[in-house]
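Asks: Can you read through this structure? Questions will come right after.
No lab work stands behind these numbers, since they all come straight from the coordinates. Quick caveat, the model's predicted, so the values are computed rather than measured. For neighbour counting, all protein chains shown are included, and Cβ atoms are generated from backbone atoms with ideal geometry for every residue, glycine included.
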Amino acid sequence: MILLVNGPSSAGKTSLCRALQRSLAGSWIYLALDMWLSMLETTGTDCMPVNRGTKDEPEIEFVMSPLADEILADMRVTAERLARAGHDLIIDEVIWDPAILADYRRRLDPFDLKIIAATAPIAVLTAREKARGDRHLGASLWQSRNMNLETGHDWHLDTSTGGPIELAAMVADHFGLERRG
């Protein structure tokens, strides 16, 4: 099985994915967008933050270089190869391009892919961004407004309704997944 958790910055995807990995029975491999992007230089040229909003209300879009796009495509290829080898996967992603979501479906649907839209109210996302201090303020706002989380997902999860452990239990219950004893 493959669980793909998709949502805006500061939605709590990473915390949820790690809680799922710890709580689900069996061995689950965790793949994360941030891990793949960390392979690139940190100069900002491969994943360039661009303010599409105002100074008072920034909306940060990340414009990817061709190299970044290639690396992220390789993440999808790797996920498919791991699934073909029989591994269960948890994927942590931020997908705003419908073509990328379709590519995941094409590659991973044969392996019981479940796509979860993980989000929270904008005020919660913004507060989390500010509290973290390691995010571009406004990224969650732009992503929330530009990600199509209404279609192409198997389930919607409001991450403001609980902590990672409770949310992982909700995911397990929703999809009928066995938890560790």
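Asks: Could you give the size of the charge dipole of the chain about its Cα centre, using +1 on the Cβ of each K and R and -1 on the Cβ of each D and E, expressed in debye and rounded to the nearest 20?
Replies: 400 debye
Asks: As a test, work out the antiparallel percent of DSSP beta bridges whose residues both lie in region 1-130, rounded to the nearest 5.
Replies: Beta bridges within region 1-130, antiparallel portion: roughly 25 percent.
Asks: Give the residue from Ser38, Val63, Ile91 lying farthest towards the positive end of the charge dipole for the chain; charges sit on Cβ (+1 for Lys and Arg, -1 for Asp and Glu) and the dipole is referred to the Cα centre.
Replies: Farthest along the dipole direction, towards plus: Ile91.
Asks: Further, regarding this structure: List the lysines whose Cα sits under 22 Å from the Cα of Lys13, skipping any in the same chain fewer than 8 residues away.
Replies: Filter leaves Lys114, Lys130.
Asks: Measuring from label point to label point, each 7 Å out along Cα→Cβ, what is the Phe175 to Ala73 span in nm?
Replies: 2.7 nm
Asks: Among Ala169, Ala127, Ala118, which one shows the biggest mean-square fluctuation in a GNM of the chain, springs joining Cα atoms closer than 10 Å?
Replies: Most flexible of the set in this elastic network: Ala127.
Asks: Follow-up question, since we're still on this one. Pick from Asp88, Asp56, Asp154: which is most flexible by mean-square fluctuation in a GNM of the chain where alpha carbon atoms under 10 Å apart are linked?
Replies: For the chain, modelled as a Gaussian network with Cα springs under 10 Å, the answer is Asp56.
Asks: Arrange Ile116, Ile71 by Cβ neighbour counts within 10 Å, fewest through most, would you?
Replies: Starting with the residue having the fewest Cβ neighbours, the order is Ile71, Ile116.
Asks: Report the relative contact order of the chain, percent, no decimals, based on alpha-carbon pairs under 8 angstrom and at least 6 residues apart.
Replies: Over the chain, the number comes to 38 percent.
Asks: Neighbouring Cβ atoms within 10 Å as the yardstick, rank Thr78, Thr161 fewest first.
Replies: If I rank by nearby Cβ atoms, fewest first, I get Thr161, Thr78.
Asks: Cut-off 10 angstrom, C-alpha nodes, Gaussian network model of the chain. Which of Leu20, Leu82, Leu157 fluctuates the most?
Replies: Leu82
Asks: Only helical DSSP H runs with n ≥ 4 go in: add -39500 (n - 2.57) per run for the chain, normalise by residue count and round the 222 nm mean residue ellipticity to 500 deg cm²/dmol.
Replies: Here the helix-only value at 222 nm equals -13000 deg cm²/dmol.
Asks: Could I ask something else about it? For Cα pairs less than 8 Å apart in space and 6+ apart in sequence, what is the mean separation divided by the residue count of region 48-113, i.e. the relative contact order in percent?
Replies: The normalised contact order for region 48-113 reaches 22 percent.
Asks: Additional query: If you bin every alpha carbon distance in region 24-112 into 10 Å steps from zero, what whole percent lands in each bin?
Replies: The distribution over region 24-112 is 15, 42, 29, 13, 3, given as percents.
Asks: For region 17-76, taking Cα atoms only, what is the radius of gyration to one decimal and the Dmax to the nearest whole Å?
Replies: 15.6, 47
Asks: Assigning unit charges at the beta carbon (Lys, Arg +1; Asp, Glu -1) and nothing else, what dipole magnitude in debye, to the nearest 20, does region 99-181 show about its Cα centre?
Replies: About 300 debye.
Asks: A further question on this structure: Got a sec? How would Glu178, Glu129 order by Cβ neighbour count within 10 Å, fewest to most?
Replies: With the fewest neighbours first, Glu178, Glu129 line up as Glu178, Glu129.
Asks: Provide Rg and Dmax in Å for the chain, with only Cα atoms included in the calculation.
Replies: Rg then Dmax for the chain, in Å: 16.0, 50.
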